[in-house]
1. Looking at the stretch 401-410, is at least one residue open to solvent by 40 Å² or more (accessible area, probe 1.4 Å), of a type outside the set (V, I, T) and within 30 Å of the chain's Cα centre (by Cα)?
2. Any idea which of M57, M119 is open to solvent by 20 Å² or more (accessible area, probe 1.4 Å) and touching a Pro at 6+ places or on another chain (Cβ under 9 Å)?
3. Taking the conditions exactly as written (open to solvent by 40 Å² or more (accessible area, probe 1.4 Å), touching a strand residue (DSSP E or B) at 6+ places or on another chain (Cβ under 8 Å) and under 24 Å from G327 (Cβ atoms)), does R546 satisfy them or not?
4. From the list T350, T326, which one is under 28 Å from E507 (Cβ atoms), part of a strand (DSSP E or B) and either open to solvent by 10 Å² or more (accessible area, probe 1.4 Å) or hydroxyl-bearing (S, T, Y) (or both)?
5. Identify all residues within the stretch 362-374 that are over 11 Å from T350 (Cβ atoms), open to solvent by less than 50 Å² (accessible area, probe 1.4 Å) and not polar (S, T, N, Q); write none if there are none.
6. I need every pair where a residue in the stretch 93-109 that is closer than 15 Å to K68 by Cα has its Cβ under 9 Å from the Cβ of a residue that is acidic (D, E), sequence separation at least 6 or different chains.
7. Could you pull out the residue among T539, T487, T554 that is among the hydroxyl-bearing types (S, T, Y), closer than 20 Å to V308 by Cβ, crowded, with 16+ Cβ neighbours inside 10 Å and touching a residue at least 40 places away in the same chain (Cβ under 8 Å)?
Amino acid sequence: MRELLIQTARETGIVEAEALKRYLDEYAEDKRRIDQLLLSAPNFTEDVVLKLFAAAMGMDYLDEIPGKEIPKLFVETVSATYAQHHYLIGLERPQDNGRMTVVVATPLATVIIDNVSKMLGRPVRTALATRAAITAAIDVAYEQKNTVIEEVAEELDQQNLDQLVDEVESSDDLLDVVNRPPVIRLVNDILFRALQMRASDIHIHPYETKIQVRYRVDGILYDSLSLNRNVLSLIISRIKVMAGMDIAERRMPQDGRCSVRIGQREIDLRVSTVPTSYGERAVLRILDKSTGLLTLEELGFFEEDREVFDKMINYSHGVIFVTGPTGSGKSTTLYACLNRIDSRVKNVMTVEDPIEYQLEGISQMQVSGKKGMTFVNSLRHILRQDPDVIMVGEVRDRETAGMAIQSSLTGHLVFSTLHTNDAAGAISRLLDFGVEPYLVSSSLLCVLAQRLVRRICPDCKQAYEPPPHELRELGIGDISKDVKFYTGSGCAKCFETGYRGRTGIYELMVITEEIRELVYERQTAGAVKKKALEQGMQTLRMDGARKVLSGTTTIAEVLRVTQADSG
């Protein structure tokens, strides 16, 4: 088998043959089966190893396992626990000619395949898929809410909290649910479902008679699971242990963070708990490192706006503000800007609260109020580090605003965020902080206001005729008969919402000489916005209308997030 795999690697290029040979030579004395050896190798990912075995052994490799092809016979014959323990699921496909395909994550587990064949009473053929894909298929096939969730909740009711907390240690991998204490299996399952749904946050909300688990997907909260109220203290204790928090303290808010793995993916969790009248409530923010940072091209700018903004972020000095409410993607935009700047020739430094993603070649500082490391103090120290580009996570007060602007006037390019409804409002906010108008007008390069809108799901996208009042509200007047509007009808891939993923809508206000004059004269935000519109600025709603006309999103979405924009 060893030589077959190396030969297949040479022929297919799935993995580098020499790297594979070196690894197998290094572990020549290892007593494990060769598939177990390679699947535990840090050098190769699980999907690559399985693709190599599939090519070598003439098996199918499946990226996804279609739920509709899982036969009832398999679900009724093979228990959910057995399927989970051995990572296997059955498929019945037209090309199988009456035989059942058993999808496994261990290519050479012949004993398990034989056992399943005996259970089913029919011959089977083998296919390969990752543990995550198989677990997702088991979730669908066995309607896991009736197996793991309820079964675990019942087990939890019968066990002692102190005994469980002793058993609770941080889990290495969310997929390793077998033989773990029930509370760990339950919390892992809640996390795993959130990752399947691409959720950004998990809310564990206690009520008088139940616990409601909610997931925020593409900015919208969805109720997902209801659990027995008796298991609340166990779930919260498990989460606190994972995040390094004090499980004995239940009357004060706490914050923590931790990392978990799902297969090869590394996930960061930021955890917050607060006491409520019905017990502690927890919110977990999910940061998936494997998704990577977006580039400016991927943020959703129209070409002309991106070119103008791209030019601004390469200036040698000045201030660029990104504005919008919490959760509007400001940090993502700032990270995309910093990634665009060549940190090999420029010294780039940030001060953040908290640091959400680690950026290569950039020095990042974490704000810590307890240690006296405020934005202002951190900025003061950063200025002694000879920076070229500085990113300040947020301007919250006069002192931080003043320091950011003074930094730009001494030859630094400064990025930061503000909480305002539109681009012109950023100028009013700075003046309200007490920053002198001449400082604002001389330092500001541009202000970018943004919101996130959900994209129409590509799998259930269909044309429709919007009502005239929606078109009027969006500001779309006479349109050609050739223009089509789209919506999502809802499908399994978008969880019946009609939307999948998000993109940004932007209002880019460049500070021209005329606008500088208005700022210097302390003119209102309305006057500044009017002048910017005369000079060609697109408001949030206008940019949203462009994305509707391009078939990216729906009118309802743009109206939902730009209701305050007069456009």
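The values are calculated or read from the model by the stated rules, or taken from the named source; none is laboratory data. Only a predicted model underlies this, so the values are computations on that prediction, with no experimental measurement involved. Cβ placement follows ideal geometry from the backbone for every residue including glycine, while neighbour counts extend to all protein chains displayed. Remember, those area values only see protein heavy atoms, side chains included, never the ligands or the DNA or RNA. Shrake-Rupley method; radii C 1.70, N 1.55, O 1.52, S 1.80 Å.
1. First, the residues of the stretch 401-410 that are open to solvent by 40 Å² or more (accessible area, probe 1.4 Å): 406, 409-410.
Pick out the ones that are also of a type outside the set (V, I, T) and you get 406, 409.
From what is left, the residues that are within 30 Å of the chain's Cα centre (by Cα) are none.
Looking for residues that are open to solvent by 40 Å² or more (accessible area, probe 1.4 Å), of a type outside the set (V, I, T) and within 30 Å of the chain's Cα centre (by Cα), one finds none in the stretch 401-410, hence no.
2. Values: M119 fails: touching a Pro at 6+ places or on another chain (Cβ under 9 Å).
Within the list M57, M119, the selection yields M57.
3. Values: open to solvent by 40 Å² or more (accessible area, probe 1.4 Å): yes; touching a strand residue (DSSP E or B) at 6+ places or on another chain (Cβ under 8 Å): no; under 24 Å from G327 (Cβ atoms): yes.
It is false that R546 is open to solvent by 40 Å² or more (accessible area, probe 1.4 Å), touching a strand residue (DSSP E or B) at 6+ places or on another chain (Cβ under 8 Å) and under 24 Å from G327 (Cβ atoms).
4. Working: T326 fails: part of a strand (DSSP E or B).
Answer to the selection: T350.
5. From the stretch 362-374, those over 11 Å from T350 (Cβ atoms) are 368-374; that's our starting set.
With the extra rule that they be open to solvent by less than 50 Å² (accessible area, probe 1.4 Å), the set shrinks to 368, 372.
Of everything in the stretch 362-374, just one residue is over 11 Å from T350 (Cβ atoms), open to solvent by less than 50 Å² (accessible area, probe 1.4 Å) and not polar (S, T, N, Q), namely G372.
6. Hits for this filter: R93/E69; M100/E92; T101/D60; T101/E69; T101/E92; V103/D60.
7. Values: T487 fails: closer than 20 Å to V308 by Cβ; T554 fails: closer than 20 Å to V308 by Cβ.
T539 is the lone residue from the list that is among the hydroxyl-bearing types (S, T, Y), closer than 20 Å to V308 by Cβ, crowded, with 16+ Cβ neighbours inside 10 Å and touching a residue at least 40 places away in the same chain (Cβ under 8 Å).
Conditions (1) free of Cβ contacts under 8 Å to residues at least 60 places away in the same chain; (2) under 30 Å from R454 (Cα atoms), marked per residue:
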{"residue": "F192", "(1), (2)": "no, yes"}
{"residue": "V217", "(1), (2)": "no, yes"}
{"residue": "S233", "(1), (2)": "no, no"}
{"residue": "G244", "(1), (2)": "yes, no"}
{"residue": "R251", "(1), (2)": "yes, no"}
{"residue": "D255", "(1), (2)": "yes, yes"}
{"residue": "P275", "(1), (2)": "yes, no"}
{"residue": "V283", "(1), (2)": "no, yes"}
